[in-house]
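Accompanying notes for the structure given below.
The values are calculated or read from the model by the stated rules, or taken from the named source; none is laboratory data. Worth saying up front: this structure is predicted, and the values here are computed from it rather than measured. FYI the Cβ positions are ideal-geometry reconstructions off the backbone, even for glycines, and counts take in every protein chain you see.
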């Protein structure tokens, strides 16, 4: 045995390696606390549906005029929420909000009436920072840019999606240059549950 190595020094080395993972776990937990709180506020409405209205003024929003707009917090787990967005008799859209190692991910699941996937589906993005407990933003990801380009939707490659929640209002918003689409849903008045979204059990 090397006389220069003592048991106390070995003990200190061991303790230092044991402590490091604990510190890392604390940092990771702190970095996702805001997103977790935001996520939990939406999950608190699981099983309920709410009526909404378009509050932005773009002419491109005319497709939503005069139609019932219903969001339904339909499927909930500790890490994922599936929220169908019904536009009149169109049940093709479902927002999928997922917890990740980096924060939150928002995807848009688009289906045809027969349940098959639309060519433009599962697009969205990831949070780039903590955001706030009331609002999270999701800049478009690379996969979605590629999908939009492939399908001729080059105007959408700078999309940023936003979700915001207060005790009374849930908002879904899409922004890009010369585009601002926003729907507010009244959380104080649950409505009758809509039909199941296309392609979902």
Taking the stated definitions as given, is residue 193 closer than 17 Å to residue 95 by Cα, modelled with pLDDT of 95 or more and surrounded by 12 or more Cβ atoms within 10 Å (Cβ to Cβ)?
-> yes
Only one of 137, 144 is farther than 20 Å from residue 185 by Cβ, in contact with a strand residue (DSSP E or B) (Cβ under 7 Å, 6 or more places away or on another chain) and surrounded by 16 or more Cβ atoms within 10 Å (Cβ to Cβ); which?
-> 144
Looking at (1) surrounded by 15 or more Cβ atoms within 10 Å (Cβ to Cβ); (2) in contact (Cβ under 8 Å) with a residue 40 or more places away in the chain; (3) under 22 Å from residue 45 (Cβ atoms); (4) out of contact with any helix residue (DSSP H, G or I) (no Cβ under 6 Å at 6 or more places or on another chain), find the lone condition where residue 132 falls short.
-> (1)
Among the residues of the range 152-166, which ones are touching a strand residue (DSSP E or B) at 6+ places or on another chain (Cβ under 7 Å) and surrounded by fewer than 18 Cβ atoms within 10 Å (Cβ to Cβ)?
-> 157, 158, 160, 162
Can you name every residue in the range 95-119 that is out of contact with any strand residue (DSSP E or B) (no Cβ under 8 Å at 6 or more places or on another chain) and farther than 22 Å from residue 152 by Cβ?
-> 101, 114, 115
Might you check whether a residue that is at pLDDT 95 or above and either more than 18 Å from residue 32 (Cβ to Cβ) or assigned to a helix (DSSP H, G or I) (or both) occurs anywhere in the range 126-138?
-> no
